[in-house]
Amino acid sequence: MKKQVKNVLIEMPYILIVILIVLQGYSLIRIYSLENQIQNKSNMLQSSINNLDNRIGSIPMNIEESMKQKASMILDTSFEIGAFNKETFEMPIVFNVTPNTQTEGMIVSLDFVDEVVVLEKSGTSYSGTKSFAISARIDPKIIIEQYGVKNIEQHHGLRVWNLKEKIFPNLYANNMVGISNTRGSNRYRIEGVVEIQNQDGMMGSGRLSGTKNSFEKITVVVDIDGEVVKEIPVNMQEYNNGISMKVDVKEDYDLEDGQVLTIKTVAVDEWGLTYDYRGESLTAGPEMNMDYYSPDEMHIIAPNGKVVYESNE
């Protein structure tokens with residue numbers, strides 16, 4: 001019995017040490033858990049403070065916007081784009097303006113800088129139509145005249161940008177092509193890849209409903225002084241499926257000093273309009289002057305030769 005008591009007394013410190021280690025581990029876990037809870041509460045509090053700051057910061061802006069709306073004489077504005085005129089190469093747009101109040105003899109008109117169009121009253125709104133070139137940027141001023149007093153306002157609801165994207169097909173042609181010269185000779189080589197992407201697949205949502213115009217033919221063209229010397233057709237079935245096309249180019253040409261060698265992408269749509277996507281050009285000679293163009297630089301040419309759109313306008 002005495003021996004058992006002695007053994008217990010000997011083991012007791014070890015048992016206490018184990019218990020203390022367990023308690024210390026539990027305490028550390030609890031402390032870590034409490035720290036996480038405190039950090040989470042702190043993050044939530046900071047988030048609430050930030051949200052409150054944002055709301056307070058937006059109050060002056062909201063008040064200013066509300067005051068502008070109350071001070072405005074315009075209740076609502078809208079526009080509708082009509083069918084493209086294939087003879088004049090213009091697009092008619094119907095503009096609608098609804099004033100806040102109606103008075104007898106009120107005159108509502110739109111100032112387009114080059115012309116002031118008086119709108120016709122229809123119910124509680126006023127409407128008018130004007131045709132524009134596809135390169136136009138439209139942002140008219142609204143003129144409301146009553147009792148001999150004119151009030152002028154600008155309203156974003158009548159702003160129209162990028163008419164071209166709303167009706168014409170679009171592609172992206174990236175020229176990854178180099179033009180080199182064999183030293184001491186008049187032979188020049190075009191070599192590389194032209195990457196062509198169907199942009200309507202990515203930006204088609206901007207097209208007007210009912211607009212079915214699309215590309216019928218796309219070619220990579222090489223010309224010398226404007227005279228076509230090589231045409232490489234693009235597979236239209238693959239293009240219309242939205243597949244990115246890569247056209248390999250490797251051609252050699254003998255040029256005299258001063259002649260201009262150009263590679264570009266040319267497309268023709270259903271209406272017979274030609275889309276000239278400028279690539280790059282080289283002027284032959286000792287200096288080999290190169291001209292590079294952005295993939296977005298292009299112009300549209302009508303069947304009669306008239307340029308109806310230029311991207312740098």
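Annotations for the structure displayed:
- Surface share of carbon and sulfur [accessible, 1.4 angstrom probe, percent] for the range 218-296: 41
- One decimal place: the segment ASN240-SER72 gains 55.8 nm when fully extended, by the rule 0.36 nm per residue minus the C-alpha distance.
- Two-site FRET efficiency, GLU310 against ASN186, from Cβ-Cβ distance with R₀ of 30 Å, rounded to 0.05: 0.35
- Sequence of TYR172, TYR188 when ordered by accessible area, the most exposed leading, probe 1.4 angstrom: TYR172, TYR188
- Of the trypsin sites (Lys or Arg not before Pro) found in the range 211-290, the ones in coil according to DSSP and having at most 13 other Cβ atoms within 10 Å of their Cβ are LYS212.
- At an R0 of 41 angstrom, the distance between the Cβ atoms of ASN289 and GLU216 translates into a FRET efficiency of 0.75.
- Probe 1.4 Å, accessible area per residue of the range 157-313, Å²: 52
- Based on alpha carbons, the Rg and Dmax found for the range 112-255 are 24.3, 81 Å.
- Within the range 167-182: backbone nitrogen closer than 15 Å to the ILE232 label point (7 Å, Cα to C-beta): 173-180
- Sequence ranges 114-123, 158-167, ranked by mean other-Cβ count within 10 angstrom, highest first: 158-167, 114-123
- Sequence of GLU216, GLU153 from largest to smallest accessible area, 1.4 Å probe: GLU216, GLU153
- Cut-off under 5 Å, modelled amide H: who pairs with LEU171 long-range: GLN199
The values are calculated or read from the model by the stated rules, or taken from the named source; none is laboratory data. What you see is a predicted model, and the numbers here were worked out from it, not measured in a lab. Reconstructed Cβ throughout: ideal geometry from the backbone, glycine too, with neighbour counts over all protein chains shown. The area values use the complete protein model at the heavy-atom level, side chains included, leaving out ligands, DNA and RNA. Shrake-Rupley method; radii C 1.70, N 1.55, O 1.52, S 1.80 Å.
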